[in-house]
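Structure first, commentary second.
The values are calculated or read from the model by the stated rules, or taken from the named source; none is laboratory data. Just so we're clear, the structure is a prediction, and the values are computed from it rather than from any experiment. Cβ atoms come from the backbone with ideal geometry, glycine included; neighbour counts cover every protein chain shown. Surface areas here come from the heavy atoms of the whole protein model, side chains and all, with no ligands, DNA or RNA. Shrake-Rupley method; radii C 1.70, N 1.55, O 1.52, S 1.80 Å.
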Amino acid sequence: MVVLEQVSKVFDGGTSKACSVLESVSLQVKRGECVILNGVSGSGKSTLLSLIAALDKPTGGKIVVGGDLVSKLPDLHASSYRAKTIGVVFQHFNLLESLSVEENVMAPLVNTGMALETVKQMVMRSMVLAAIEHKASQPVTLLSGGEKQRCAIARALVHDPALILCDEPTANLDKRNAEKLIEILRTLHEMGKTIIVATHDPLFEKLPFKSRVLHMAEGTIVEYEV
């Protein structure tokens, strides 16, 4: 599903020294697999997710997702790729606070040309998967942290993506809500979704379903666990 070959990322420091964030990272993730990128802040795991999502481009190497080369996609094609193939769950939720839960979940489908009834069915299915359907009409400003995260998950799932990327998904959650999120990921794993999680939360080191842990440090994968 995902293949990275010798991927590097260097950020131009402008007047200061350039910063190398990723160095020759190679990785293969099978379809339906759950992979955990574990490492402290600054180890490169979030940057790796952003490259897979085509939110940024690598300095070197190539990234192939579902057989398509995504590492050099023009911005317009990158947006289409994200809309069709992946769902991204951000650490800080990135919700539109002026909208309700249902409206936030519906947002990625607004310009797709789908029939309204189809859109409503997809939105409800996604909210049920994320266990947030009971808050559908609630403004997101009134949600708890755990509810905001479930709304963000529903939005990421609404177009039924094959690949789900989660960037520090429990960073703003207490243990109870973190465990709820892991149960949602278990359901998605059982559905055959490919999942990649960037985290430093120890809860992800021993998940209640099959996963693979990759430890990252200083921009490289330093240790594999099965």
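Observations
- So Val35, is it of a type in the set (Val, Ile, Thr), farther than 25 Å from Ser80 by Cα and open to solvent by less than 70 Å² (accessible area, probe 1.4 Å): no
- Filtered by the rule that a residue be more than 14 Å from Val7 (Cα to Cα) and touching a strand residue (DSSP E or B) at 6+ places or on another chain (Cβ under 8 Å), region 36-45 gives Ile36, Leu37, Asn38, Gly39, Val40, Ser43.
- Of the residues contained in region 66-87, none is found to be more than 15 Å from the chain's Cα centre (by Cα), under 19 Å from Thr199 (Cα atoms) and polar (S, T, N, Q).
- Subset of region 21-32 (residues that are open to solvent by 30 Å² or more (accessible area, probe 1.4 Å) and outside any strand (DSSP E or B)): Lys30, Arg31
- Qualifying position, being in contact with a Pro (Cβ under 6 Å, 6 or more places away or on another chain), among the hydroxyl-bearing types (Ser, Thr, Tyr) and open to solvent by less than 50 Å² (accessible area, probe 1.4 Å), among Ser50, Ser71: Ser71
- Verdict on Val40 being assigned to a loop (DSSP other than H, G, I, E, B), touching a residue at least 60 places away in the same chain (Cβ under 8 Å), aliphatic (A, V, I, L, M) and under 23 Å from Glu205 (Cβ atoms): yes
- Any hit, region 6-20, residues being surrounded by fewer than 19 Cβ atoms within 10 Å (Cβ to Cβ) and under 19 Å from the mean Cα position of the chain (by Cα): no
- Selection from region 127-145 of residues that are under 21 Å from Arg186 (Cβ atoms), open to solvent by less than 70 Å² (accessible area, probe 1.4 Å) and either among the hydrophobic types (A, V, I, L, M, F, W, C) or modelled with pLDDT of 95 or more (or both): Met127, Leu129, Ala130, Ala131, Ile132
- Subset tally (residues that are at pLDDT below 90, under 18 Å from the mean Cα position of the chain (by Cα) and of a type in the set (Asp, Glu)) for region 173-224: 1
- Answer residue from region 81-125, given it is in a helix (DSSP H, G or I) and of a type in the set (S, T, N, Q) and is nearest to Pro169 (Cα to Cα) among those: Asn104
- Region 56-81: number of residues that are farther than 21 Å from Gln28 by Cβ and hydrophobic (A, V, I, L, M, F, W, C): 2
- Residue identified as farther than 18 Å from Phe93 by Cβ, among the β-branched types (Val, Ile, Thr) and surrounded by 15 or more Cβ atoms within 10 Å (Cβ to Cβ) among Val123, Val119, Val158: Val119
- Taken together, the criteria exclude His77 from residues that are surrounded by fewer than 18 Cβ atoms within 10 Å (Cβ to Cβ), at pLDDT below 90 and either closer than 24 Å to Lys148 by Cα or touching a Leu at 6+ places or on another chain (Cβ under 8 Å) (or both).
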